[in-house]
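Student: Got a structure for you, written out below as structure tokens; questions coming shortly.
Read-outs: derived from the displayed coordinates by stated rules, not from any lab. Everything quoted here is computed from the prediction, not taken from an experiment. Quick reminder, even Gly has a Cβ in these numbers, built from the backbone with ideal geometry, and neighbours come from all protein chains shown.
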Amino acid sequence: MSDTPIDSSKRTWIITSACAGAVGGVATAVPFVSTFQPSEKAKAAGAAVEVDISALKPGEKVTVEWRGKPVWIIKRSPEQLADLPKLDAQLADPKSERKPAELTPEYARNEHRSIKPEILVAVGICTHLGCSPTDKLQAGPQPSLPDDWKGGFLCPCHGSTFDMAGRVFKNKPAPDNLEVPPHMYLSETKLLIGEDKA
């Protein structure tokens with residue numbers, strides 16, 4: 001065993017080098033580990049969207065974005081609701097029985113395609129080629145629409161028409177009704193788009 005004294009300047013350099021190495025290791029590890037976390041953009045892309053519908057009046061529509069898609073929220077008037085059953089014979093899938101799991105959740109497989117009859121929640125993308133249909137909410141004769149039009153949506157790309165429940169009319173290019181996204185009510189006036197299980 002040697003009784004040689006340790007040089008204090010060497011000790012200081014060794015300690016300083018060890019600390020600097022530890023700090024550098026942590027600085028390198030943190031960004032590497034953080035790459036395993038989803039980005040803010042990715043979180044936002046799949047995140048549910050909360051919507052206050054307290055100011056929505058009958059016949060009005062609001063659009064929100066969920067997963068990069070336009071989601072329409074429409075408060076239908078009593079007249080618009082009353083017209084829905086009258087259109088069944090003209091529709092390709094009036095009860096949303098085709099591809100139910102893909103486009104229409106169980107709770108929206110009804111005449112009005114919604115949880116609450118007066119509120120429609122639908123993805124505003126045509127099921128034909130992904131165009132966005134335009135609002136034709138007013139009833140009555142209009143260009144490119146029948147004279148007995150009850151209100152709904154017209155896809156300008158290839159002429160597909162949808163009623164006020166987002167149901168596609170027969171003999172149109174669009175093969176299916178508009179998608180109803182997963183959603184639920186947090187209160188009488190607050191909707192959550194993107195989740196439907198508490």
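Student: Under 9 Å by Cβ, and 6 or more places apart or on different chains, what pairs join a residue from region 161-180 that is farther than 19 Å from ALA139 by Cα with one that is aromatic (Phe, Trp, Tyr) and crowded, with 18+ Cβ neighbours inside 10 Å?
Tutor: Filtered contacts from region 161-180: LYS172/PHE162; ALA174/PHE162; ASN177/PHE162; LEU178/TRP72; LEU178/PHE153; LEU178/PHE162.
Student: Return the residues of region 109-139 that are polar (S, T, N, Q), in contact (Cβ under 8 Å) with a residue 24 or more places away in the chain and within 14 Å of MET164 (Cβ to Cβ); say none if nothing qualifies.
Tutor: SER114
Student: Only residues that are within 19 Å of the chain's Cα centre (by Cα), surrounded by fewer than 24 Cβ atoms within 10 Å (Cβ to Cβ) and in a strand (DSSP E or B): list them for region 163-190, please.
Tutor: Scanning region 163-190 gives MET184, TYR185, LYS190.
Student: Check off (1) touching a residue at least 40 places away in the same chain (Cβ under 8 Å); (2) surrounded by fewer than 21 Cβ atoms within 10 Å (Cβ to Cβ); (3) of a type in the set (D, E, K, R) for ASP147 and give me the number that stays unchecked.
Tutor: (1)
Student: Looking only at residues that are under 20 Å from LEU56 (Cα atoms) and surrounded by 11 or more Cβ atoms within 10 Å (Cβ to Cβ) in region 75-89, which one is nearest to the chain's Cα centre (by Cα)?
Tutor: Going through the qualifying residues, I end up with LYS75.
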